[in-house]
Amino acid sequence: MMRNLAILIFQTLDGVMQAPSVPEEDFSGGFSHGGWAKDCWDEVMEQVGKEAMAEPYDLLLGRNTYELFASSFSNAEPGNPAADKLN
C-alpha cells in the first residue's frame, strides 16, 4: 500500500521558502528578510499542531532544518506537545 505524502511549507507570496521564524537562519541568495512569519507564527503553528500533526506521521527534514529542530526540541520543557511528538 502506498502512503500519502503531505508537504508543509512556509512560503511568501513571492516564492521565498526559507527562514520563516529565525531571522539569522538562512541568508542564501542574498535573502535578508528572515523571520518574515514571526508575527503570525504562534497562531499558525497552533493550527498546524491541531490539524497536520494530529495524526501519526513520519517526518523528513533537510539537514539545516533537522539541526534547527534538534537543538530546539531536545531542550524543550517536558509536556511540550510538539517537542514530545518530534523527539
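What follows draws every value from the coordinates through simple rules; no lab data is involved. Predicted model only: the values in this text are computed from it and were never measured. Cβ placement follows ideal geometry from the backbone for every residue including glycine, while neighbour counts extend to all protein chains displayed.
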Notebook entry, point to check: Using the alpha-carbon atoms, what tilt in degrees (0 to 90, nearest 10) does helix 41-50 show relative to the longest principal axis of the chain?
Noted result: 20 degrees
Next item on the list: Report ³J(HN,Hα) in whole Hz for each residue of region 23-33, in order, from the Karplus equation J = 6.51 cos²θ - 1.76 cosθ + 1.60 where θ = phi - 60°; Gly and Pro get x.
Entry: x, 9, 5, 8, 9, 4, x, x, 5, 10, 10
Item checked: Per-residue [θ]222 nm for the chain (sum of -39500 (n - 2.57) over DSSP H runs n ≥ 4, rounded to 500) -> -9000 deg cm²/dmol
Check: DSSP loop trypsin sites (Lys or Arg not before Pro) in region 1-78 with at most 13 other Cβ atoms within 10 Å of their Cβ, which ones?
Finding: 3
Note to self: So if a site counts as exposed when it's one of the GluC sites (Glu not before Pro), its DSSP state isn't H, G, I, E or B, and it has at most 11 other Cβ atoms within 10 Å, what's the longest stretch of the chain without one?
What the structure shows: 52-87
Next item on the list: Could you work out the mean projected area of the convex hull around the alpha carbons of the chain, in square nanometres to one decimal?
Entry: 7.1 nm²
